[in-house]
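So the structure is just underneath, and the comments pick up after that.
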Amino acid sequence: MKSLQHPLMTAAALLALASPGFTQVKSYKEIKTPALRTFTVAQPKRIELANGMVIFLQEDHELPLIRGSALIHGGSRDIPADKAGLVGVLAGSWRTGGTESKTGDQLDDVLETKAARVETSGSEDSTRVSLDVLKGDFDFVFPNFVEILRKPAFRQDKIDLAKTQARTGISRRNDKPQSILFREAQKLGYGADSPYARQTEYATLNNITRDDLLAFHKRFVVPNNIILGLVGDFDSAAMEKKLRDAFSSWPRGAKAPPPPPVNATARPGVYYVAKEDVTQGYIAALHPAAVLRRDPDFYAVTVMNDILSNGFSGRLMNDIRSRAGLAYGVGGGLSPG
């Protein structure tokens, strides 16, 4: 019986190839695609507290997990040029610097016993405190999340560590040609003095103090600048009550300023950065126009970008690398600013 196994499998494979479903077509127009399955976009529950905090709740009972984040309006574009790097230092010392009641090291121990994560991050337009916890440990971990959000200590030793890490990044930022390319392209696209093209320098790091971090937190981390989102294995009504109890008494603050305008004027040309210690070259073609998410063409342009730049299935990679062998990699990007 064992000797018949391979002939039977071969025969089955040949029959499958001969069936109509495997018939070879001569044109892509002959390919018949089945109708797409119906898909319903999940609609989260939206809550707005009296103090202006916006909350989104999305139940997902597939796994006993709860994940979320507090997205805070205000980032590196909102700080003075002579303190470039402040948001990076803030993000690096916010969670690690602990709270008024616990040091960062104590928080490490508390969270590790529950396999939970509370982290902080920052970007040019926002900062964020995120949460990742098992459902059964939410009530234990959530108060720590709230305290990190509202009452960080920014201890000096963690600020110094974040600055040291930033200085190391500065000392090595010319090691990779791709990093140089992106940095200089931003300056050409936005203008060298734009908040969107600033670079952290040793001098600007030296200007940043603990008082600056506390002032930034006081200015921007207020409920009417926050969108809090939670998704996971919970009951929305019960979760809403917990969030109202935690945040309803938090007073409003000043509204974050609107994003600074982009006033750069395009300067067509070809620009070079010489780096002779590597055997690779990087090229970028930059266009200053931006497509906003509210633009009616946003999704059409997104699909177009995927056709051109979606990895090895994209036309750029397929033609320039796979067929012509002219580059190791090629791609494009769309920034919905």
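The values are calculated or read from the model by the stated rules, or taken from the named source; none is laboratory data. What you are looking at is a predicted structure, and each value in this text was computed from that prediction instead of being measured. FYI the Cβ positions are ideal-geometry reconstructions off the backbone, even for glycines, and counts take in every protein chain you see. For the accessible areas, the whole protein counts, side chains as well, though only heavy atoms, and no ligand, DNA or RNA atoms are used. Shrake-Rupley method; radii C 1.70, N 1.55, O 1.52, S 1.80 Å.
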Percent breakdown of C-alpha pair distances by 10 Å bin, ordered from the shortest bin, for the chain: 5, 17, 23, 23, 17, 9, 5, 1, 0
Lys255, Lys275, Lys135, ranked by accessible area, largest first (probe 1.4 Å): Lys255, Lys135, Lys275
HN-Hα J couplings of region 144-156 from phi, Karplus 6.51/-1.76/1.60, θ = phi - 60°, integer Hz, Gly and Pro as x? 5, 4, 5, 5, 5, 5, 9, 10, x, 9, 6, 5, 4
Would you kindly give the portion of the calculated P(r) for region 214-315 that falls above 19 Å, as a percent of all Cα pairs? 74 percent
For the pair Asp139 and Ile283, how long in nm is the line joining their label points, each one 7 Å along Cα→Cβ? 6.3 nm
Of every Cα-Cα pair in region 109-250, the percent that sits beyond 23 Å: 52 percent
Mean accessible surface per residue for region 23-110, computed with a 1.4 Å probe while every protein chain stays in place, in Å²: 63 Å²
Can you show me the helix-derived [θ] at 222 nm for the chain, built from DSSP H runs with n ≥ 4 at -39,500 (n - 2.57) apiece and divided by the number of residues, rounded to the nearest 500. -10500 deg cm²/dmol
For Glu112, Glu119, what's the largest-to-smallest order of accessible area, 1.4 Å probe? Glu112, Glu119
Kindly list the residues of region 253-286 that lie in the label zone of Asn305, defined by a backbone N under 19 Å from the point 7 Å along the Cα-to-C-beta vector. 262, 283-286
Roughly how many whole Å is it from the C-alpha centroid of region 233-254 to that of region 135-168? 21 Å
With Rg from the Cα atoms and Rh as the Kirkwood inverse mean 1/r over Cα pairs, region 111-192 has an Rg/Rh of 1.12
Counting only protein heavy atoms and a 1.4 Å probe, tell me what percentage of the chain's accessible area is made up of carbon and sulfur. 56 percent
How much length would be gained if the chain were fully extended between Arg323 and Arg37, taking 0.36 nm per residue of separation minus their Cα-Cα distance, in nm to one decimal? 99.5 nm
Equivalent ellipsoid semi-axes, region 280-337, via Cα gyration tensor eigenvalues times 5, rooted, Å: 25, 14, 6
Would you kindly derive the ³J(HN,Hα) couplings of region 80-97 from the backbone phi angles with the Karplus curve 6.51 cos²θ - 1.76 cosθ + 1.60 (θ = phi - 60°), listing them in order in whole Hz, with x for Gly and Pro? x, 4, 7, 10, 4, x, 4, 5, x, 5, 4, 5, x, 10, 5, 6, 5, x
Within a Gaussian network of the chain (alpha carbon springs, distance under 10 Å), most fluctuating of Gln186, Gln58, Gln43: Gln43
Using a simple charge model, +1 on the beta-carbon of Lys and Arg, -1 on the beta-carbon of Asp and Glu, nothing else, what dipole does region 214-290 show about its Cα centre, in debye to the nearest 20? 480 debye
Taking all pairs of different Cα atoms in region 62-179, averaging 1/r and flipping that mean, what Kirkwood radius in angstroms comes out? 15.4 Å
Accessible surface of Phe56 - all protein chains present, 1.4 Å probe, nearest 10 Å²: 70 Å²
Would you please state which residues of region 240-254 a label at Ala50 would reach in this model, taking the label point 7 Å out along Cα→Cβ and a backbone N cut-off of under 16 Å? 241, 243-253
Positive end of the dipole of the chain, charges at C-beta (+1 Lys, Arg; -1 Asp, Glu), about the Cα centre: which of Ser179, Ser322, Tyr299 has its Cα farthest in that direction? Ser322
